[in-house]
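Taking it in order: structure first as structure tokens, then the write-up.
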Amino acid sequence: MHKLAIEVKDIKKSLQDRDILKGISFEVEQGDIFGFIGPNGAGKTTTIRILLGLYKYDSGSATIMGRDVADDEARKKVGFVIDGDGLYDNMTAIANLEYYQMIYEKSVDKKKIGKVLELVGLADRARDKAQTFSKGMRQRLALARALVHDPEVLILDEPTSGIDPSAQLDIRKILLDIVQNEKKTVFFSSHNMDEVQKICNRIALLDKGEIKLYGHLDELRKQMGKNVLTVHTSSEINQDNLDEIKQKKDFGFYKIQDGNLLFTPSINVKTSDIINQLVKVGIEVDEVAKKESSLEEMYNNIVREAEDK
């Protein structure tokens, strides 16, 4: 049985008379890269602030490494990157890390600082000021800062937002290294479904203050049982056509991509049913392709269903 790094049980939280979290529960096992996903306004930031001890929950319980999130000992076990990189521009990489290390440990360990700078690939820029760093380098330094007191858990809110694909790849490699070789646990909040799918082994999807999808990613894809049907067409697709197709809720139409129609049909819907309906409304079908549902497609399907209710 895996030990738990984070355990959230029936957490409820209201802000300004609005229910933000409606009794959410999830567990993050030690060694996970846990993806925490959901649309804007779902309650992700509130959850993260509760885990960091910045908000007090109204009811339920939340622990990190077995300690309540409000406990100072729990906070010492967490490193985090939220709300931008939080770096001091006029300080060198080393000075930034020394400052944060003293906050946690009240002393400077140059060996540990050197190790984390090496880990994030910034050892050769250690004496350069943060203001000279690119966005991707700043994010790597922010990760180093989160690691400098040797926490057991990392909580990261959109750590690759606004950086180029090459820098995103760098961050992914660092996170995998942290988990595999440094034996850390990563709680990873992101809007980038492709990135979450590439790096996370377990996920929770939060929507309107409730957990709508939760568990091992590979198992969820099997359980969802939804294949994506891509219909290639050379016909012009007008709004009247779309309106008729959307009326067939079990067809699971959710978007047009590169001139193609994408569906996540219910299990009882045959491909021929969809083709016949398309032809009936005047859409010429050139080719049909099926593939296993991706995390993005599962996400879109669940959020769309919630919006339809």
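Exceedance of the 19 Å cut-off in Cα-Cα distance is limited, within the set K129/K184; K135/K173; K208/K255; K249/K270; K112/K135, to K129/K184; K208/K255; K112/K135. In the chain, the DSSP-assigned H stretches of four residues or longer account for a calculated mean residue ellipticity at 222 nm of -11000 deg cm²/dmol, using -39500 (n - 2.57) per stretch and the full residue count as denominator. Estimated translational diffusion coefficient (Stokes-Einstein, Kirkwood radius over Cα pairs, 25 °C, 0.890 mPa s) of segment 227-292: 211 µm² per second.
Its relative contact order, with pairs defined as Cα atoms under 8 Å and 6+ residues apart, puts segment 1-98 at 27 percent. Listed values for segment 16-26 are Karplus-derived 3J(HN,Hα) couplings in whole Hz (6.51 cos²θ - 1.76 cosθ + 1.60, θ = phi - 60°), namely 6, 6, 10, 6, 8, 10, 10, x, 8, 9, 6, and x replaces Gly and Pro.
A straight chain from E244 to K9 at 0.36 nm per residue would run longer than the Cα-Cα distance by 80.3 nm.
With both labels modelled 7 Å from their Cα along Cα-to-Cβ, the D17 to V281 distance reads 4.2 nm.
Using the average count of surrounding beta-carbon atoms within 10 Å as a protection proxy, the listed peptides 168-181, 135-148 rank, highest first, as 135-148, 168-181. Residues F187, F80, ranked from the fewest to the most other C-beta atoms within 10 Å, line up as F80, F187.
Equivalent ellipsoid of segment 56-170: semi-axes from √(5λ) of the C-alpha gyration tensor, largest first, are 26, 18, 12 Å.
Between the helical axis of 110-119 and the longest alpha-carbon principal axis of the chain there is an angle of about 20 degrees. The orientation-averaged projected area of the convex hull spanned by the Cα atoms of segment 122-234 comes to 10.9 nm².
Divide the volume of the convex hull around the Cα atoms of the chain by the residue count and you get 162 Å³ per residue. Taking all Cα pairs closer than 8 Å and separated by 6 or more residues, the relative contact order of segment 134-266 comes to 16 percent.
Throughout, read-outs are computed from the coordinates displayed, never taken from laboratory work. Note that the structure is a prediction, hence the values are computed from the model and not measured. Cβ sites come from the backbone with ideal geometry, for glycine too, and all protein chains shown count toward neighbours.
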